[in-house]
């Protein structure tokens, strides 16, 4: 059973809803140890004081800010907690906004919020009201010695909280060197239409269970093969080459055709032929009907 990792109170207006916070992420990382290759001895990392071999106990380690090289301002946990004690247990709602207005660049880590004991009714009221309004709450709260911006959203009667990055933490693209060329290349209308057609042909509804961590699966298979004593031979991988400007249209057309073939099990390429045949047969029938009408007209004369 998942345990609450934080508890506090959602506050907006005069309403206070005590909640518990749970992680919404299950880490699936594969734990790899560091060993010496000669004898498989475990490698351990120690906390030692700089310039000595003296190991420092964890309880003797404090945070500090470096003013100048070698000059620090140490900060104890109590001193940091005294910065804003009223914020340490409050999720302070600032605004309600449409979730579509938030750029996903600002989202960080997801959590669940559950009601604290005795707060079930207030929690249910808040979840239903937010779900009905279609709004997300933008709030601030202190978690692990850091103030976080967050978005609170309802999902099937449960409140979720996603921490967010502050505006000055997101780097705007114009501050990045060489992100885009100074002179934008011209894009032909036909090329854009083909690219949009390719996007449309690959568009579908988002279903999270369709996407797996294939690298992790391959790594597990590799570990199993090595554990069984099998020899591992790395395959040669060719780096994908960038599509050059003159080849864009051809690449787009081939991509669209490949998607169509995939969707029809490879039979779609044969479909245009019957249409052409149908046109020919129609034209032949028209020609026949014209010739017959002409012959009838001559006969009547």
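Answer with yes or no whether residue 59 is closer than 30 Å to residue 125 by Cα and surrounded by fewer than 13 Cβ atoms within 10 Å (Cβ to Cβ). When the stated conditions are applied, residue 59 does not pass them. Would you check if residue 182 is at pLDDT below 90, in a loop (DSSP other than H, G, I, E, B) and exposed (fewer than 10 other Cβ atoms within 10 Å of the Cβ)? For residue 182, the condition - at pLDDT below 90, in a loop (DSSP other than H, G, I, E, B) and exposed (fewer than 10 other Cβ atoms within 10 Å of the Cβ) - is met. Right, residue 203: at pLDDT below 70 and either farther than 30 Å from residue 32 by Cα or surrounded by 10 or more Cβ atoms within 10 Å (Cβ to Cβ) (or both) or not? Taking the combined requirement at face value, the residue does not satisfy it.
Considered as a group, the residues in the stretch 12-24 that are at pLDDT below 90 and in a strand (DSSP E or B) include one that is surrounded by the fewest Cβ atoms within 10 Å (Cβ to Cβ), and that residue is 15. Pairs linking a residue in the stretch 255-268 that is under 17 Å from residue 193 (Cα atoms) to a residue that is part of a helix (DSSP H, G or I) and modelled with pLDDT of 80 or more, with Cβ atoms under 8 Å and 6 or more positions apart or on different chains, are 255/198; 256/194; 256/197; 256/198; 256/201; 259/198; 259/201; 260/201. Here residue 209 fulfils each of the conditions (1) closer than 22 Å to residue 26 by Cβ; (2) surrounded by 10 or more Cβ atoms within 10 Å (Cβ to Cβ); (3) within 26 Å of the chain's Cα centre (by Cα) apart from (2). The residues on offer are 138, 99, 91, and the sole one that is at pLDDT 95 or above, within 27 Å of residue 27 (Cα to Cα) and out of contact with any helix residue (DSSP H, G or I) (no Cβ under 9 Å at 6 or more places or on another chain) is 138.
Of everything listed in (1) over 30 Å from residue 100 (Cα atoms); (2) in contact (Cβ under 8 Å) with a residue 12 or more places away in the chain, the single unmet condition for residue 157 is (1).
Filtered by the rule that a residue be touching a strand residue (DSSP E or B) at 6+ places or on another chain (Cβ under 8 Å), modelled with pLDDT of 90 or more and either part of a strand (DSSP E or B) or within 30 Å of residue 208 (Cα to Cα) (or both), the stretch 25-74 gives 35, 42, 48, 55, 63, 64, 65, 66, 67, 72, 73, 74.
Out of (1) at pLDDT below 75; (2) surrounded by fewer than 10 Cβ atoms within 10 Å (Cβ to Cβ); (3) over 29 Å from the mean Cα position of the chain (by Cα), what's the single condition that is false for residue 283? Condition (2) is where residue 283 drops out.
Inspect the stretch 169-178 for any residue being in contact with a strand residue (DSSP E or B) (Cβ under 6 Å, 6 or more places away or on another chain) and within 26 Å of residue 10 (Cα to Cα) and give the result as yes or no. Scanning the stretch 169-178 turns up no residue that is in contact with a strand residue (DSSP E or B) (Cβ under 6 Å, 6 or more places away or on another chain) and within 26 Å of residue 10 (Cα to Cα).
Can you tell me which residue is modelled with the highest pLDDT among those in the stretch 224-252 that are within 30 Å of residue 188 (Cα to Cα) and in contact with a helix residue (DSSP H, G or I) (Cβ under 7 Å, 6 or more places away or on another chain)?
Applying the filter and picking the extreme gives 252.
The test for being assigned to a helix (DSSP H, G or I) and in contact with a helix residue (DSSP H, G or I) (Cβ under 8 Å, 6 or more places away or on another chain) holds for residue 190.
The values are calculated or read from the model by the stated rules, or taken from the named source; none is laboratory data. All figures in this text were calculated on a predicted structure; none of them were measured in a lab. Neighbour counts are summed over all protein chains in view; Cβ atoms, including those assigned to glycine, are modelled from backbone coordinates with ideal geometry.
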